[in-house]
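Data block below; observations after.
The values are calculated or read from the model by the stated rules, or taken from the named source; none is laboratory data. Everything numeric here is computed off the predicted structure, so don't read it as measured data. Methodologically, a virtual Cβ is constructed for each residue, glycine included, from the backbone with ideal geometry; neighbour enumeration extends over all protein chains shown. When the accessible area is computed, the model is the full protein with side chains, heavy atoms only, and any ligands, DNA or RNA have been set aside. Shrake-Rupley method; radii C 1.70, N 1.55, O 1.52, S 1.80 Å.
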Amino acid sequence: MSRALALRLEPYLYAAPSLLLIAAIMLVPLVTGLSYAFHDLILLDPLSGDFVGLDHFREMLDDDGFWTALRNTVVWTAVSVALQFGFGLILALLLDRPFPGRGLVQALVFLPWAVPGFLSGLTWAWLFNPVIGPLPHWLHGLGLLATPENILSDPHLALWGPIAANVWWGIPFFAITLLAALQSIPKDIYEAAAMDGAGPLLRFRRVTLPLLAPTIAITVMLRTVWVANFAELIVVMTKGGPADATQILSSYIFTLAFQRLDFGYASAVAAVLLVLLLAYAAAVMVLRHAMTERA
Amino acid sequence: MNKTATHIIGARLLHALALAAFVAFALFPLFWLLKVSLTPDDLMYGEGVRLWPSRVTLDHYGSVLRHSQFPLFFRNSLIVSAATGLLATAAASAAGYAFSRFRFRGKAWVMGVMLVSQMFPLVIIVAPIFRLLSPLGLTNSLSGLVVVYTAFNTPFAAFLMQSFFEAIPKDLEEAAMMDGATRFQALRRVILPLTLPGLAATGGFVFTAAWSELLFSLMLNSSAAVSTFPAGLLGFVSKFSVDFGQMMAAGVLALLPVGAFFLLIQRYLVQGLTAGAVKG
Amino acid sequence: MATITLSNLSKDYGGGPVLRGIDLEIREGEFVALMGPSGCGKSTLLRLIAGLEEPSGGEIRIDGRRVNEVAPKDRDLAMVFQSYALYPHMTVRENMSFALKQRRLPQAEITRAVEGAAAKLGLTNLLERKPKALSGGQRQRVAMGRAIVRNPKAFLFDEPLSNLDARLREQMRYEIRKLHRELGATSVYVTHDQVEAMTMADRIVALNDGAIQQVGAPQELYDQPANLFVAGFLGSPPMNFVDATLAPDGALVAEGQTLARVSPPAGLAAGTTLTLGLRPERLALTDPTKGSAVRVDVVETTGTGRVVHLALGPQRLKLFTMDPRPLAPGDVVGLVVPPGAPLLFDPVSGARLS
């Protein structure tokens, strides 16, 4: 083999194992999964499997469960990400200045991130359980709950349970990311701004935020997509209930597929979710591009 | 002068208080998990919401370790997570190296595909993967989980490794290549030893992710002999949903390896994560 | 020791040529400097020779053998990097042994070679240290040691001194030159620093915009630059360029004053506009009545003498003098351009006319 050819092939050889694996285990199954969206596919039903075109999508329009889940997805994602981001940013700013014991504090506040998702779901479910958890009693004491009940069994409040777990679990992700970005801002920029008479707040608004903006845009985008897909907490804590009040699209897909065994319809809902997320991601990228162009 | 000093002390105090609040919030649920796991059954309901029980016991741990299948689940999870960590880190290092060091046709596409692979609801591929792995004998098997988890974790791990490679000057491997090494030898003898913290962070990250995965473990492996800890714990919870002490003892046990891993590597994640996430 | 021959070599990354039509023969044992401003392609040229980049066209031969398809590791060339590129996780000894181990030489031979090279560079006491524990100058020496221990066909230097402070740089210049004399190895040395190129090289290759401007001995480039680029790049303070007109009698007239007289080069019509190249140190001062009248603008003391900035109408000149006469800004003095001092350039093409 000639050296020129070998050199041209080299990068592909390095990337090949990952690519083959991802193609075989993720992309091909994704295409197969999407194709189910156009088939009547019910597990254990030998009569199913016919091509049904857009029937599932038409069905979706009249499916209250779908619309509830879509609404919940927006609330779940927006509230979770906003709180994770807000607290994550504050935490990152607190950790960005040196103080004795910073390494230990950093390790401790980032610890929830290492907790497996299902376990943080279980833990928070237990915290909300009035028998062994303190939260209902505290909320009652604060006057937020009329009686110390489990909010997870109240259709109007239940979604806040998984959101609380999600915020607790997701703050470290933002804090780690933003802290790393903060630490990459050269200190002399701050010194220059301070020399120019900018106080801490102004420095934050005029220096920190603009420099963090690209990182923020990408991280928030990736995280939003990820949180929207993240069904585990809901499945573990409420199973979508009570009475489907806490279903988000991804947990709804899970329920459709593995409790009703309706893979065709589940895949159609998943396809809609995928399209929504891709559109959202594309919009963010376009926006970010426009913003960096202008700057 | 005095006013400034008061000002500074006030700011420090505020800073410390705010951090203390974050630490408390981060640790409280874990503390509670530990507390309930140590509370004797007879005090469970009477002292359910006290901050610390009047008596503690290791009974729950004893019964979890002796009379349940958790040791088996633990072992399964350890095997799957360690194998996934090694394989995904190896594959991701190669890909991350290619992203960091080469310009090649289709690179943007390859990276785009890897990004998109992180964005879709994984639920949609459970059934296709089951159909793919079943004829190969990879369902109800630990190897099947390793294959699936490796694929899931490789993209992010590749971006993470890429950012660690970016931090190492190209000059070093060029020097090695001038010194008589092939690119691969240069990678093995010069670059990888310098990326050890990055490799550890990536491996730890993947280990944690594999250790935590529930959905596919539940769906691909139905036999208890090949259940991982998350699936086992969830099964336990739905079967014995009132035995809080044992459930939480099992939870604490599930937390130990990842918690320890995390405390070791979190420092390096701060270095690698942004770049990984941002470039991704 | 080897000859390196480049024929019609070019490199294009896809955004226009970085190097074009490079023809060069580097002789056995020769010390050649590739000199030019940043972005001129000198480092790319070195990397092509090293094999770290693939040429887009043309040929590279080492000792007559075509090496375009030969991997860097098989070219038997040693390179000293600007960053030194010392392996941070290895001691000095391991750094210097790396190439020899790669060749699977017997351990005893490796030890002998490493210790020999270390002694030559004064690194004997540092052999067990890691690069982190070395000063900049010591790191530079280790980088040199890593190269010489291999006894390669040729040394490639990529701006090896640019991270050192001025004093160390001067000392290393001398040491590299001395090493070259001892080893007699073919060396290619990339630099943007004209002093390094002038003081170290047997021959200088002046590069600009990806093309060779001139090849020759340092003094030759200094005295007979092929064009404005080479003329302006060498020398500190740099050569003055003055717009002048050639009178029929050979007088060179600028701003209404005759600066010098030349026997007009053949084919150059009277009235032609020329660019006059004047080395600052070849100009002299006199009374305003005896030379061309110029006004003193700024006087800089260098210690060995003074650099005097002069205004000739709207044009500016620099002059280096050891003349102790008092000078103050605003003074009008006489400028003397000795015969033979002016170089004539075509103002459009930049080529020297003579």
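Structure values in brief
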| quantity | calculated |
| --- | --- |
| Computed over the stretch C:240-345, the ratio Rg/Rh where both radii use C-alpha atoms and Rh is Kirkwood | 0.98 |
| Cleavage-rule hits, chymotrypsin sites (Phe, Trp or Tyr not before Pro), the stretch B:94-161, DSSP coil, Cβ neighbours within 10 Å at most 13 | none |
| Residue-normalised accessible area of the stretch A:157-295, expressed per residue, 1.4 Å probe, Å² | 41 |
| Gyration tensor verdict on chain A (Cα atoms; rounded if a/c is under 1.5, prolate if a/b is larger than b/c, oblate otherwise) | oblate |
| The stretch A:13-59 - Rg and Dmax from Cα coordinates, angstrom | 15.2, 46 |
| Quotient of C-alpha Rg and 2.2 N^0.38 Å, computed over the stretch B:190-235 | 1.61 |
| Fluctuation leader among C:ASN163, C:ASN95, C:ASN125 - chain C, Gaussian network, Cα springs under 10 angstrom | C:ASN125 |
| Hz values of 3J(HN,Hα) by residue in the stretch C:290-302 - Karplus curve (6.51, -1.76, 1.60), Gly and Pro given as x | 8, x, 6, 6, 9, 9, 6, 9, 9, 10, 10, 8, 9 |
| Distance cut-off 19 Å, percentage of C-alpha pairs in the stretch B:106-263 lying past it | 67 |
| Kirkwood-based Rg to Rh ratio, the stretch B:1-57, C-alpha trace | 1.35 |
| For the protein assembly as shown, alpha-carbon Rg and Dmax in angstrom | 36.5, 121 |
| Fraction in percent of alpha-carbon pairs per bin - 5 Å, the stretch C:59-148 | 3, 14, 24, 21, 16, 11, 7, 4, 0 |
| For chain B: relative contact order, % (alpha-carbon pairs under 8 angstrom, 6 or more apart) | 31 |
| For residues of A:29-36, the mean tally of beta carbons on other chains within 10 Å | 6 |
| Residue among B:LEU78, B:TYR61, B:GLY96 farthest towards the positive dipole end of the stretch B:1-125, charges placed on Cβ | B:GLY96 |
| Å² per residue, accessible surface of the stretch C:264-354 at 1.4 Å | 49 |
| Descending semi-axes in whole angstrom, ellipsoid equivalent of chain B, from the Cα gyration tensor | 39, 31, 16 |
| Per residue, the convex hull volume that the Cα atoms of the stretch C:4-233 enclose (Å³) | 125 |
| Within the protein assembly as shown, percent of DSSP bridges classed antiparallel, to nearest 5 | 75 |
| Cα-Cα P(r), the stretch B:169-219, percent of pairs per 10 Å interval | 24, 30, 20, 17, 8, 0 |
| 222 nm mean residue ellipticity, helices alone, for chain B (DSSP H n ≥ 4; -39,500 (n - 2.57); rounded to 500) | -24500 deg cm²/dmol |
| Reciprocal mean inverse distance between Cα atoms of the stretch B:27-180 - Kirkwood radius, Å | 20.1 |
| Chain B: most fluctuating residue of B:ASP42, B:ASP243, B:ASP59 per GNM, C-alpha cutoff 10 Å | B:ASP42 |
| Among B:GLY144, B:GLY85, B:GLY180: highest mean-square fluctuation, GNM of chain B, C-alpha pairs under 10 Å | B:GLY180 |
| Check: the stretch C:240-345 dipole with +1 on Lys, Arg Cβ and -1 on Asp, Glu Cβ, in debye | 140 |
| Kirkwood hydrodynamic radius (C-alpha pairs) into Stokes-Einstein, the stretch C:20-76, 20 °C and 1.002 mPa s, D in µm²/s | 174 |
| Distance histogram in 5 Å bins (all Cα pairs of the stretch A:90-244, percent per bin) | 2, 8, 14, 15, 14, 13, 11, 10, 7, 4, 2, 0, 0 |
| Prolate/oblate/rounded label for the stretch A:1-98 (Cα gyration tensor, a/c 1.5) | oblate |
| Charge dipole (debye, nearest 20) of the stretch A:37-294; +1 at Cβ of Lys and Arg, -1 at Cβ of Asp and Glu | 1260 |
| Entries in A:LYS187/C:LYS130; C:LYS42/C:LYS101; B:LYS170/C:LYS73 that, when Cα-Cα distance is taken, lie over 26 Å | A:LYS187/C:LYS130; C:LYS42/C:LYS101 |
| Interface size B-A, as summed buried accessible area [1.4 Å probe, Å², nearest 100] | 7500 |
| Other protein chain Cβ atoms within 10 Å, averaged over every residue that makes up B:41-47 | 1 |
| Kirkwood-based shape ratio for the stretch C:155-223, expressed as Rg/Rh from alpha carbons | 0.96 |
| Coil-residue trypsin sites (Lys or Arg not before Pro) of the stretch B:1-87, DSSP, other Cβ within 10 Å capped at 11 | B:ARG55 |
| Cα-based Rg / Dmax (Å) for the stretch A:209-290 | 15.6, 49 |
| Number of partner chain Cβ atoms within 10 Å, mean per residue of A:175-181 | 6 |
